[in-house]
Structure formats: structure tokens, C-alpha cells
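The values are calculated or read from the model by the stated rules, or taken from the named source; none is laboratory data. Worth saying up front: this structure is predicted, and the values here are computed from it rather than measured. All Cβ positions, even for glycine, are placed from backbone atoms using ideal geometry, and neighbour counts span all protein chains on display.
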Amino acid sequence: MTTAHTLTVDHATVGYGDRVVLEDLELTVPPGRFSVIVGANACGKSTLLRAMARLLVPRAGAVLLDGRQVHREPARRVAQLLGLLPQQPVAPEGIVVADLVGRGRHPHQGPFQRWTTEDDEAVAQALEAAGVLDLADRSVDELSGGQRQRVWIAMALAQRTDVLLLDEPTTFLDVAHQVEVLDLVTDLNRERGTTVVAVLHDLNLAARYADHLFAMKAGRLVAAGPPSEVVTADLVRDVFGLESVVIPDPTSGAPLVLPLGRHHTGA
């Protein structure tokens, strides 16, 4: 099992150049749970994740890991505790799957440290857990989108961090592969206790898989809590500008959003 760490965004203001995206944002990620950030396009979801991952420095406030500012901690130490799978990661041309997954071990190796048996075990277990062990010798360039995404997740697993941040891990995947990836992440959370924070566009998948939701609008947090409390018709209207009916999912019991378009109102 992993160690539970507390990841907190403490009144953070974050942006790019002169543009502020997040303003005075405050939240705490539940340790050991699967949290999902939802919201309309350009609301700041990915910016929030990048700030959590130490890629963006807040202009005000801070991101704290166990009470320590991540931006003031050594990069290697943070990478040993917190892993990130960004949007559309790019693999070096011609690299094979096993070598790419092996790069997840870099934070645990010093500048003169050799590859160890522990590294071999971590890579093998990550390949197996992600269901890509049979692809170990294949070039990443040859893989389908779903296979490639599972390889990237395997690399994140090989890093063996206690906190894992996933920025739209299901983008460009068909429905079957979306479910497969989210099942894999759920297994990781439940079996190892890894704290997971993911950005997802599909509100219904988020409600089905998440223990905890953060709903954002225009750079601010507007709701947080279990999906059963957060996902309501009023919230969908406020956050997404969409009229809907919310019913219990017949398979999971989670909230299920049924959009009401102009041609499907039942009138």
C-alpha cells in the first residue's frame, strides 16, 4: 500500500503571461481516493492539474504536499511522490514500450545509480497491470491510440508514486478503451491506495468512477464532494450551460445526466 499524502491548493492564483486562469482557488484532495475535476472547456481544469504537478508556479497562494510548497521542494523528491500523465504526451521516435515505461523509474535513480532488480520488477509489474506486457518489445509508434494510452499509464505506474495526476486520460479513446483505462486507474486506487486526481470531460464517467468531484467554472471551484451530492440538474445548468435530467445510473447508482436538447425535451 502507498502512503497517504495531503495535496492542498491554498488560495492559489495561476495563469499564463498576463492572463489569470485560476483566482484564489482553495481545495484539498482527499488522500487515498479517486477524485475527478469536471467543468466546461477553458474553465481551468488542466491549469489546476499543472499547478498541482509543479509545472506552473502560482502568482499568489501555494500548492502544498503534506504542508510543504511543491514549488520549493527539489524536483526529484516531488517526482518520487507525485506522478503526472499530461495531455497528449509525446514519445521519442522509435522507442519501444519497455524502454518508455522504464523512464518512469528515473526519479528513483541518482545521477550515477545503476539499473536495479527493483527497477526491473517495477517495470514488469507496471506492464502487466496496464495489460501491455505482450507489447513490451513493440515500437510505441506502431500502437493504436488505446494501446499507447495504456503504455503511458504503465509508465506512470512504474514511477510508483503515492499521488497520480491524470490530465484527460481518456481523450481520443473509444468508449471501450475509456472504460478500460478508468477500470485500471480504479484498480490502482483500490489495491494500492494511490491518491488519484483526474481531469475528465465526460461527466457521466466522472460520476460513475469518482469518489470525489471538483466542479469548476471560470477558474473557480463551485462544488466539491461525492458525485451523489455534486451532480444535480442545477449544477449541470450552472457549470455547463445545459438543461438536463439527472437520474440514478441503473448499473452503478451514480448520478446519470440526460441532456435535454431542443429536439429531445419530450414536448
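Quick check on LEU173: is it modelled with pLDDT under 85 and within 18 Å of the chain's Cα centre (by Cα)?
For LEU173, the condition - modelled with pLDDT under 85 and within 18 Å of the chain's Cα centre (by Cα) - is met.
Pick from LEU25, LEU55, LEU49: which is touching an Asp or Glu at 6+ places or on another chain (Cβ under 6 Å) and of a type in the set (A, V, I, L, M)? Write out each step before concluding.
Values: LEU25 fails: touching an Asp or Glu at 6+ places or on another chain (Cβ under 6 Å); LEU55 fails: touching an Asp or Glu at 6+ places or on another chain (Cβ under 6 Å).
After ruling out the rest, the residue left standing is LEU49.
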query: Which pairs have Cβ atoms under 8 Å, sit 6 or more apart or on different chains, and link a residue in region 229-249 that is closer than 17 Å to ARG262 by Cα to one that is basic (Lys, Arg) and part of a helix (DSSP H, G or I)?
result: GLU243/ARG237; SER244/ARG237
task: May I ask you to list the residues in region 182-205 that are over 11 Å from the mean Cα position of the chain (by Cα) and hydrophobic (A, V, I, L, M, F, W, C)?
output: LEU184, LEU188, LEU203, LEU205
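Mind checking whether some residue in region 71-86 is in contact (Cβ under 8 Å) with a residue 24 or more places away in the chain and on the phi > 0 side of the Ramachandran plot?
Let us first name the residues in region 71-86 that are in contact (Cβ under 8 Å) with a residue 24 or more places away in the chain, namely 76, 78-86.
From the residues that got through so far, the ones that are on the phi > 0 side of the Ramachandran plot too are none.
No, the conditions are met nowhere in region 71-86.
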message: Six or more apart or on different chains, Cβ atoms under 6 Å: show the pairs whose first residue is in region 44-56 and within 15 Å of PHE214 (Cα to Cα) and whose second is among the acidic types (Asp, Glu).
response: SER46/ASP167; LEU49/ASP167
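Being loosely packed, with under 15 Cβ neighbours inside 10 Å and either hydroxyl-bearing (Ser, Thr, Tyr) or modelled with pLDDT of 90 or more (or both) is the filter here; which residues of region 140-158 pass it?
Step one: of region 140-158, the residues loosely packed, with under 15 Cβ neighbours inside 10 Å are 141-142, 144-145.
Matches in region 140-158: ASP141, GLU142, SER144.
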- prompt: If you take the residues of region 235-262 that are assigned to a loop (DSSP other than H, G, I, E, B) and among the hydroxyl-bearing types (Ser, Thr, Tyr), which of them is farthest from TYR209 (Cα to Cα)?
  reply: THR251
query: How many of the residues in region 3-27 are more than 20 Å from HIS71 (Cβ to Cβ) and either among the aliphatic types (A, V, I, L, M) or in a strand (DSSP E or B) (or both)?
result: 1
statement: Scanning region 212-234 residue by residue, the ones that are farther than 16 Å from SER252 by Cβ and either aliphatic (A, V, I, L, M) or part of a strand (DSSP E or B) (or both) total 12
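Go through THR265, THR186, THR161 for me and flag whichever is part of a loop (DSSP other than H, G, I, E, B), surrounded by fewer than 18 Cβ atoms within 10 Å (Cβ to Cβ), modelled with pLDDT under 95 and polar (S, T, N, Q).
Values: THR186 fails: part of a loop (DSSP other than H, G, I, E, B); THR161 fails: surrounded by fewer than 18 Cβ atoms within 10 Å (Cβ to Cβ).
So the residue among THR265, THR186, THR161 that is part of a loop (DSSP other than H, G, I, E, B), surrounded by fewer than 18 Cβ atoms within 10 Å (Cβ to Cβ), modelled with pLDDT under 95 and polar (S, T, N, Q) is THR265.
Tally the residues that are surrounded by 15 or more Cβ atoms within 10 Å (Cβ to Cβ) and either in contact with a Phe, Trp or Tyr (Cβ under 9 Å, 6 or more places away or on another chain) or at pLDDT below 85 (or both), restricting the search to region 103-129. Don't jump to the end; show me each part of the working.
So the first thing to find is which residues in region 103-129 are surrounded by 15 or more Cβ atoms within 10 Å (Cβ to Cβ), and the list is 103-105, 107-108, 119, 122-127, 129.
Okay, now just the ones that are also either in contact with a Phe, Trp or Tyr (Cβ under 9 Å, 6 or more places away or on another chain) or at pLDDT below 85 (or both), so 105, 107-108, 129.
Of the residues in region 103-129, 4 are surrounded by 15 or more Cβ atoms within 10 Å (Cβ to Cβ) and either in contact with a Phe, Trp or Tyr (Cβ under 9 Å, 6 or more places away or on another chain) or at pLDDT below 85 (or both).
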- request: Go through (1) more than 30 Å from ILE95 (Cα to Cα); (2) free of Cβ contacts under 8 Å to residues at least 40 places away in the same chain and name the single condition ASP183 misses.
  value: (1)
- request: Taking only region 1-19 into account, find how many residues are more than 18 Å from the chain's Cα centre (by Cα), of a type in the set (A, V, I, L, M) and at pLDDT 95 or above.
  value: 2
query: What is the residue count in region 149-186 for residues that are in contact with a Phe, Trp or Tyr (Cβ under 7 Å, 6 or more places away or on another chain) and not β-branched (Val, Ile, Thr)?
result: 1
